[in-house]
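The next block holds one structure in the form of structure tokens; read it before the comments.
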Amino acid sequence: MAKRSPKPVHQMTEAQFEDMFPMGDDDAPKAYLKARRWPQGVRCPRCGNPAVYDLPSRKWHWQCEKCAPDGYRFSVIAGTIFENTNKPLRQWFKVVHLMTTSKKGISALQIQRQMGFGAYRTAHSMCHKIRAAMMQPQEKLGGIVEVDETYVGGDDKNRHWDKKKGHHGGKTPVVGAVQRKGNVVARVLHRASGDEIFGFIRETVSNKVSLLATDAWPGYKGLPEAIPHASVDHHRKQYVVGAVHTNTIEGFWSIFKRGVVGTFHKVSAKYLPLYVAEFSFRHNNRENANIFGAVISGA
């Protein structure tokens, strides 16, 4: 009997977004944010007190009497990435929608053009705040796990003599681990040393992992014997040996680098962790039809 193909995951379409958040309706985005933040009822974002009451004079505002002598007044966007913004919440939601539905990302310049923002820094700041909301808690990966490192950035040979960095040709190392048919965890490193990569593996890979698959980088030979480890040697045209391969993590790097080169063109080392978080989040929510809501919940 032939295997059934998995049902496709349909993310929110443009038409669905417009239906959920009609133009000119300021209440719909706020009602959605309230429902995602406080599914059990509104709580004070400072102290978690559920005994708050509505302010009749200000819609979408509440007051908590527990954590401030004169009462703490807060709005639906208090304590989120949307706080202290001069942009309507619907515009924030639209940017989230564009970022979550773009497989290889969307640049801040394109966001500026598409949204009609007057300044590039507005779109740049919004995108980075949304990427920060995409950062996920550290998790342990089990089963068959692939680990690989890659390098991002320009080459020293293309830099001016006084801007050369020297190490790895000036590129920034990034290490990633992915569970087969599961989630990915990626991190920017200061340098691709055995100690840093082993530290990453200890933090991200479960002790009960059934197989750790890597390439033939000599540094992996220092892994603890307790970890079942096998590798493939790409220099010898060796790519798959039974269950041993790094094709999954290399596929993730492929999407990530196409985004960096084709969409963003240039990513600084300073902001690279945010871009890594964005691509990791999209990969880990690839089967989540409500990836938009997942971002809003973390905002």
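List of remarks:
- When +1 charges are put on Lys and Arg Cβ atoms and -1 charges on Asp and Glu Cβ atoms, the dipole computed for region 1-133 relative to its Cα centre reaches about 660 debye.
- Greater than 32 Å apart at Cα, pairs in 140/257; 30/257; 140/171; 104/221; 140/270; 59/270: 30/257; 104/221; 59/270
- Net charge of the neighbourhood of residue 113, taken over other residues with C-beta under 15 Å away and scored Lys/Arg +1, Asp/Glu -1, is +2.
- Reachable aspartates and glutamates from residue 266, criterion Cα separation under 20 angstrom, eight or more residues apart if same chain: 149, 155, 156, 162, 278
- Total formal charge among the other residues, if their Cβ is under 13 angstrom from that of residue 12, Lys/Arg +1 and Asp/Glu -1: -2
- Sorted largest first, the spans of the alpha carbon positions of region 258-299 along the three principal axes are 30, 20, 13 Å.
- Taking 4.7 Å between beta carbons as the limit, the unpaired Cys residues of the chain are 127.
- Longest to shortest principal axis, alpha-carbon extents of the chain, angstrom: 72, 52, 50
- Fraction of accessible area attributable to carbon and sulfur, the chain (%, probe 1.4 Å): 51 percent
- Net charge dipole size for region 175-287 [Lys, Arg +1 and Asp, Glu -1 on Cβ; Debye, nearest 20]: 300 debye
- Rounded accessible area per residue of the chain, 1.4 Å, Å²: 56 Å²
- Note, ³J(HN,Hα) from phi for region 205-213, Karplus 6.51, -1.76, 1.60, rounded to Hz, x at Gly and Pro: 9, 5, 5, 9, 4, 7, 7, 10, 9
- Protection-proxy order for peptides 54-63, 99-108, 69-78, each taking the mean of Cβ atoms within 10 Å per residue, highest first: 99-108, 69-78, 54-63
- Distant-in-sequence amide contacts of residue 172, defined by a placed amide H-H separation under 5 Å and a gap of 5 or more residues or a different chain, comprise 152, 153.
- Environment charge at residue 218 (Cβ cut-off 13 Å; Lys +1, Arg +1, Asp -1, Glu -1): -2
- Relative packing of peptides 9-15, 27-33 - highest average C-beta neighbours within 10 Å first: 27-33, 9-15
- Anisotropy class of region 1-139 from Cα gyration tensor, a/c 1.5 cut: prolate
- The chain: angle of helix 272-284 to the longest principal axis, Cα-based, in degrees nearest 10: 90 degrees
The values are calculated or read from the model by the stated rules, or taken from the named source; none is laboratory data. Treat the numbers as computed from the prediction; the structure is a model and nothing was measured. With ideal geometry, Cβ positions are generated from the backbone for all residues, glycine too; neighbour counts draw on all protein chains shown. These accessible areas exclude ligands, DNA and RNA; they are computed on the full protein's heavy atoms, side chains included. Shrake-Rupley method; radii C 1.70, N 1.55, O 1.52, S 1.80 Å.
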